[in-house]
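Here's the structure, in structure tokens; my notes come after.
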Amino acid sequence: KQEVTQIPAALSVPEGENLVLNCSFTDSAIYNLQWFRQDPGKGLTSLLLIQSSQREQTSGRLNASLDKSSGRSTLYIAASQPGDSATYLCAVRSNSGYALNFGKGTSLLVTP
Amino acid sequence: KAGVTQTPRYLIKTRGQQVTLSCSPISGHRSVSWYQQTPGQGLQFLFEYFSETQRNKGNFPGRFSGRQFSNSRSEMNVSTLELGDSALYLCASSLSGRAYTDTQYFGPGTRLTVL
């Protein structure tokens, strides 16, 4: 069974800092990996999707990397802003079943 | 293009009742998945529908069921509600649910409270 872990569970940084969120998974036989953002009481917003054959994806100030062999992905946020404050979720789609397996998320607070 | 819509947004029920939640996927999307989100368990997969057929199912009791219509809209039903069913229920849609590039798009969720 695929287990997804996100570290740290919570993070508080001053505005302008660059930061890294970590995601690890136990089964390297994955289809793809998605990073989502969730604002309090809201649904999930897709940020980036990395196919199993890719090493990284970039969108604006966000960069996600994938190392399948070690079961790790990182989400890099450059020049953080207060509007980046949210919970960031990592989800892995495995080759078996195809359902998304989610980590518990990292709660990010960017202070002005 | 309109996003994934879910109705109702909030629901309060009592133990023993049943409830039906509705999800309209993004136009052209044929795969619809349902997830339950609770503070303790996080996000857990309920089931996936594609072309009116349940293609995948999570580890939930039979009280949780769903269906998909020919226009890809989906409903999920929970019978004999328990207090532990209180959660945010999220629907997600994607084109096929099987392509490596298939992004899942989520709706705003239905907040179910069981009293």
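The values are calculated or read from the model by the stated rules, or taken from the named source; none is laboratory data. Just so you know, these numbers come straight off a predicted model, no measurement behind them. A quick note on method: Cβ atoms are made from the backbone with ideal geometry, for glycine too, and the neighbour counts reach across all protein chains shown.
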Checklist entry - How many residues are at pLDDT 95 or above and more than 11 Å from every other protein chain (Cβ to nearest Cβ) when one looks only at region B:1-22? => result 14
Item to check | Residue list for region B:17-48, filter: closer than 25 Å to residue A:92 by Cβ and under 10 Å from the mean Cα position of the chain (by Cα) | outcome: B:23, B:32, B:33, B:34, B:35, B:36, B:45, B:46, B:47, B:48
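Might you let me know whether region B:53-63 holds any residue that is in a strand (DSSP E or B), farther than 20 Å from residue A:37 by Cα and touching a helix residue (DSSP H, G or I) at 6+ places or on another chain (Cβ under 6 Å)?
Scanning region B:53-63, I find no residue that is in a strand (DSSP E or B), farther than 20 Å from residue A:37 by Cα and touching a helix residue (DSSP H, G or I) at 6+ places or on another chain (Cβ under 6 Å), so the answer is no.
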Checklist entry - Consider residue A:51 against the criteria (1) within 12 Å of the chain's Cα centre (by Cα); (2) within 13 Å of chain B (Cβ to nearest Cβ): it satisfies all of them except one. Which criterion is unmet? => result (1)
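Do we find that residue B:35 is closer than 19 Å to residue A:99 by Cβ, touching a residue at least 40 places away in the same chain (Cβ under 8 Å) and within 14 Å of another protein chain (Cβ to nearest Cβ) in this structure? Quick ask: steps written out before the conclusion?
Values: closer than 19 Å to residue A:99 by Cβ: yes; touching a residue at least 40 places away in the same chain (Cβ under 8 Å): yes; within 14 Å of another protein chain (Cβ to nearest Cβ): yes.
Considered against the rule, which asks whether it is closer than 19 Å to residue A:99 by Cβ, touching a residue at least 40 places away in the same chain (Cβ under 8 Å) and within 14 Å of another protein chain (Cβ to nearest Cβ), residue B:35 comes out as yes.
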Checklist outcome for this item: Here, strands (runs of 3 or more DSSP E) confined to chain A with at least 2 residues that are of a type in the set (A, V, I, L, M) and surrounded by 13 or more Cβ atoms within 10 Å (Cβ to Cβ) are A:10-14, A:19-25, A:30-38, A:44-51, A:62-67, A:72-77, A:86-94, A:106-111
Checklist entry - Just wondering, is there one or more residues in region B:82-93 that are buried (at least 16 other Cβ atoms within 10 Å of the Cβ), within 12 Å of residue B:29 (Cα to Cα) and within 14 Å of chain A (Cβ to nearest Cβ)? => result yes
Next on the checklist: Suppose we filter region A:9-48 for residues that are β-branched (Val, Ile, Thr), more than 15 Å from residue A:91 (Cβ to Cβ) and more than 14 Å from the chain's Cα centre (by Cα); how many remain?
Outcome noted: 1
Checklist entry - Quick check: anything in region B:58-72 touching a residue at least 24 places away in the same chain (Cβ under 8 Å) and more than 14 Å from chain A (Cβ to nearest Cβ)? => result yes
